[in-house]
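Read the structure below first, then the notes.
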Amino acid sequence: MSTIAAAISATAASSHGGGRRHRRGSVAVRCSSAADERQALFSRIAPVYDQLNDVLSLGQHRTWKRICVSWSMAKRGDRVLDLCCGSGDLAFLLSQKVGIDGEVMAVDFSRQQLQTAASRQDQRWKSCYKNIKWIEGDALDLPFPDRYFDAVTVGYGLRNVVDKPKAMREICRVLQPGSRASILDFNKSSSFFTASLQSWAIDNVVVPLASSYGLTEEYKYLKSSISEYLTGEELEKLAKEAGFSSAKHYELGGGLMGDLVATR
């Protein structure tokens, strides 16, 4: 049976190419009200999150997630991190990439999302899935030593983090030199047409559909979160300022989505 780890032992944090050990034995908890509100939001939508993603993207989110994992360059035997893992789509893909000899640490701040992910792990069992550990944790204070991971993915998570520069520094810190972070999210397009199409779709498709699940208010936040997010160019700058040696943002889905690939 799968389990959710609320703490990580010092043994699990032993060196992987050097680096410091855990700063504490248990996972940190965010204290800002904005983070608490977002944590509560994702906990409320957890039961229907996957179903809505399938309907709203016409299944295309699965293609974008496969691209995100592929661009992370995760390979067999690697130790990898899926940050803001939600219900686990990227973690399952990473598990298949690294195989039974690898490790996947899947971190999220929503216990309900992690419970959904753990349930899916049991229902969709593959031998490699036993390499996944679900961890309730904070993107701003990761409970891992320096240079611990061979790859990091983030799917639709960075946009919702309160302190994006700090989160990016944490991602850089836990990556091995020369390794990649692949960060998938909605694209804040500089194209008037793409931005208008995205806005129209949220108002006329996303929110009305979410309302049928009783989640109108929960999905109204999407439009403002995208408008407050960073453009591809700004994300590249953010990554380099956080310590990455290179960063490139790629538009996907006709510019509606984007993936930032950053190399430490």
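Can you tell me the dipole magnitude for the range 74-153 around its Cα centre, using point charges on the Cβ only (Lys, Arg +1; Asp, Glu -1), in Debye to the nearest 20?
400
The range 106-164: which trypsin sites (Lys or Arg not before Pro) are DSSP loop and have at most 12 other beta-carbon atoms within 10 angstrom?
Counting only loop positions with at most 12 other Cβ atoms within 10 Å, the trypsin sites (Lys or Arg not before Pro) in the range 106-164 are R124, K126.
Report, by chain and number, residues whose modeled amide H sits under 5 Å from the one on L175, excluding near sequence neighbours (fewer than 5 apart, same chain).
Close amide H contacts, sequence-distant or interchain: R147, Y148, F149.
On a 1.4 Å probe surface of the protein chains, which of E234, E136 comes out largest in accessible area, and what is the full order?
Solvent-accessible surface, decreasing: E234, E136.
Find out how many positive minus negative residues lie around T263, taking Lys and Arg as positive, Asp and Glu as negative, among other residues whose Cβ is under 13 Å from that of T263.
+2
Enumerate the amide H contacts of R79 below 5 Å, restricted to partners 5 or more residues apart or on another chain; note that Pro and chain-start residues carry no placed amide H.
When sequence neighbours closer than 5 places are left aside, the close amide H contacts are E103, D150.
Which of the lysines could be linked to K223 by a straight reach, that is with a Cα gap under 22 Å, when you skip same-chain ones fewer than 8 residues away?
Of all the lysines, those that pass the test against K223 - Cα under 22 Å, at least 8 places apart if same chain - are K65, K164, K188.
Give the shape of the range 127-210 as rounded, prolate or oblate, defined through the alpha-carbon gyration tensor: a ≥ b ≥ c are the square roots of its eigenvalues, a/c under 1.5 means rounded, and otherwise the shape is prolate if a/b is larger than b/c and oblate if not.
Prolate is the answer for the range 127-210, as a/c is 1.5 or above and a/b outweighs b/c.
Label D163 and K248 with points 7 Å out from Cα along Cα→Cβ: what is the distance between them in nm?
3.2
So which aspartates and glutamates can K130 reach, going by Cα to Cα under 16 Å and dropping same-chain residues fewer than 8 places off?
D78, D82, D89, D101, E103, D122
Sequence-distant or interchain residues sharing an amide H contact under 5 Å with F109, placed H: which?
When sequence neighbours closer than 5 places are left aside, the close amide H contacts are G137.
When the accessible area of the range 99-214 is computed with all protein chains present and a 1.4 Å probe, what percentage of it is carbon and sulfur?
Carbon and sulfur: 53 percent of the exposed surface of the range 99-214.
So what is the accessible area of the range 192-239 per residue, in Å², with the probe set to 1.4 Å?
On a per-residue basis, 55 Å².
Just to check I understand the Karplus step: with θ = phi - 60° and J = 6.51 cos²θ - 1.76 cosθ + 1.60, what whole-Hz values come out for the range 61-67, glycine and proline as x?
4, 5, 5, 4, 5, 5, 4
Apply 1/(1 + (r/R0)^6) to the Cβ-Cβ distance of K126 and D54, taking R0 = 22 Å, and write down the FRET efficiency to the nearest 0.05.
Efficiency for this residue pair is about 0.65.
Which residue, chosen from Y229, W200, V174, occupies the Cα position most advanced towards the positive end of the dipole of the range 156-264, where the dipole is computed from +1 (Lys, Arg) and -1 (Asp, Glu) charges on Cβ about the Cα centre?
Going by the charge dipole, the pick is V174.
The values are calculated or read from the model by the stated rules, or taken from the named source; none is laboratory data. Remember, predicted model here, so these are calculated numbers, not experimental data. For neighbour counting, all protein chains shown are included, and Cβ atoms are generated from backbone atoms with ideal geometry for every residue, glycine included. Protein only, heavy atoms only, side chains kept; ligands, DNA and RNA dropped before computing areas. Shrake-Rupley method; radii C 1.70, N 1.55, O 1.52, S 1.80 Å.
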